[in-house]
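Pasting a structure below so you can have a look.
The values are calculated or read from the model by the stated rules, or taken from the named source; none is laboratory data. Please read these numbers as outputs of a predicted model, since none were measured by experiment. As a convention, Cβ positions derive from the backbone with ideal geometry for all residues, glycine included, and neighbour counts pool all protein chains shown. Note: accessible area is taken over every heavy atom of the protein model, side chains too, but ligands, DNA and RNA are not part of it. Shrake-Rupley method; radii C 1.70, N 1.55, O 1.52, S 1.80 Å.
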Amino acid sequence: MNNTLFSNATNFSNVTTYGNWEALEAVENVAKYVLIALAVFTVVTNGMVLLAMFMDPLKCFRTPLTILISGIVLADFLVGLVVGPVTISEYFVWNDRDVDPDDLMKLLRASQILSTVIINVSFLIIVMVTACQLLAIKSPKMFKRLITKKLAVAWVILTWLYAIFFALLPEITGISILVFFMIDLYAHNVLFVLVLVVLYVLMYLAFKRRTGGEWRSRESQSSTPAFNEGWLQFFYLLPHT
């Protein structure tokens with residue numbers, strides 16, 4: 001095992017020493033410009049959506065679900081405005097041989113914090129939106145009574161506060177970054193995906209049950225004999241012939 005690691009490290013050292021650095025720098029330059037373009041595009045598009053939601057002269061976007069969705073739009077907006085520039089700056093700092101390693105580690109940690117906050121905010125709001133859709137299908141009256149604008153605003157605010165607190169756990173509690181990443185992986189990524197799968201399955205079953213029930217009720221209400229339906233069609237078509 002140790003010999004394998006040593007061999008891999010030696011091969012990597014040889015590649016980095018004798019490799020084509022010009023090609024590597026060309027790839028990095030392309031990545032920089034692609035990230036810059038994506039950051040600008042993300043800021044412009046999501047900024048326009050946020051502006052439309054904020055202005056909204058007809059009050060069309062003041063529903064609980066659109067308030068929740070605005071939290072996701074805000075997260076995407078911050079990806080382009082903050083996370084993108086921080087990630088781009090890492091390319092410049094990484095190749096700067098005069099940079100202090102401690103400053104580089106702080107920059108990497110800042111990028112991790114921002115990414116963790118925004119990803120967890122998006123996941124939590126998506127879970128809430130999916131739960132609201134499930135409730136709307138199962139019981140529209142309960143949905144209107146429980147899902148209000150105040151609840152949506154409170155959920156968005158609490159989601160951001162929780163995501164920020166969790167991202168700063170290593171600084172607050174002193175746990176290692178590896179333990180933090182493991183907690184984030186299982187408590188958020190894996191758990192969120194499982195919860196979403198369960199919610200989507202329940203939503204499908206509720207939708208199928210509801211549409212099936214409505215179809216059966218309509219069928220029972222319109223149980224007119226075929227003979228009478230034929231006469232109705234005959235009298236309807238008679239004036240048009």
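Determine which single condition LEU185 fails, assuming it passes every other condition in (1) closer than 30 Å to VAL34 by Cα; (2) surrounded by 15 or more Cβ atoms within 10 Å (Cβ to Cβ).
(2)
Please pick out the residue among ARG145, ARG210 that is touching a helix residue (DSSP H, G or I) at 6+ places or on another chain (Cβ under 7 Å), of a type in the set (D, E, K, R) and surrounded by fewer than 17 Cβ atoms within 10 Å (Cβ to Cβ).
ARG210
Would you check if there is a residue in the stretch 19-34 being in contact with a Ser or Thr (Cβ under 9 Å, 6 or more places away or on another chain) and at pLDDT 75 or above?
no
Which condition number in (1) modelled with pLDDT of 85 or more; (2) loosely packed, with under 10 Cβ neighbours inside 10 Å is the one that PRO239 fails?
Tallying (1) modelled with pLDDT of 85 or more; (2) loosely packed, with under 10 Cβ neighbours inside 10 Å, PRO239 fails exactly one: (1).
Among the candidates ILE175, ILE137, which residue alone is open to solvent by 40 Å² or more (accessible area, probe 1.4 Å), among the β-branched types (Val, Ile, Thr) and either modelled with pLDDT under 90 or over 22 Å from ILE67 (Cα atoms) (or both)?
Selected residue: ILE175, the only one of ILE175, ILE137 that is open to solvent by 40 Å² or more (accessible area, probe 1.4 Å), among the β-branched types (Val, Ile, Thr) and either modelled with pLDDT under 90 or over 22 Å from ILE67 (Cα atoms) (or both).
Against the definition (exposed (fewer than 15 other Cβ atoms within 10 Å of the Cβ) and touching an Asp or Glu at 6+ places or on another chain (Cβ under 9 Å)), how does THR45 come out, yes or no?
Yes; evaluated as a whole, the condition is true for this residue.
Separate question: How many residues, within the stretch 133-176, are under 20 Å from PHE123 (Cβ atoms) and either among the aliphatic types (A, V, I, L, M) or outside any helix (DSSP H, G or I) (or both)?
Result for the stretch 133-176: 16.
Among the listed residues LEU58, LEU51, LEU38, LEU68, which satisfies the condition of being crowded, with 17+ Cβ neighbours inside 10 Å and either hydrophobic (A, V, I, L, M, F, W, C) or more than 19 Å from LYS149 (Cα to Cα) (or both)?
Step by step, each of LEU58, LEU51, LEU38, LEU68 is checked, and only LEU68 is crowded, with 17+ Cβ neighbours inside 10 Å and either hydrophobic (A, V, I, L, M, F, W, C) or more than 19 Å from LYS149 (Cα to Cα) (or both).
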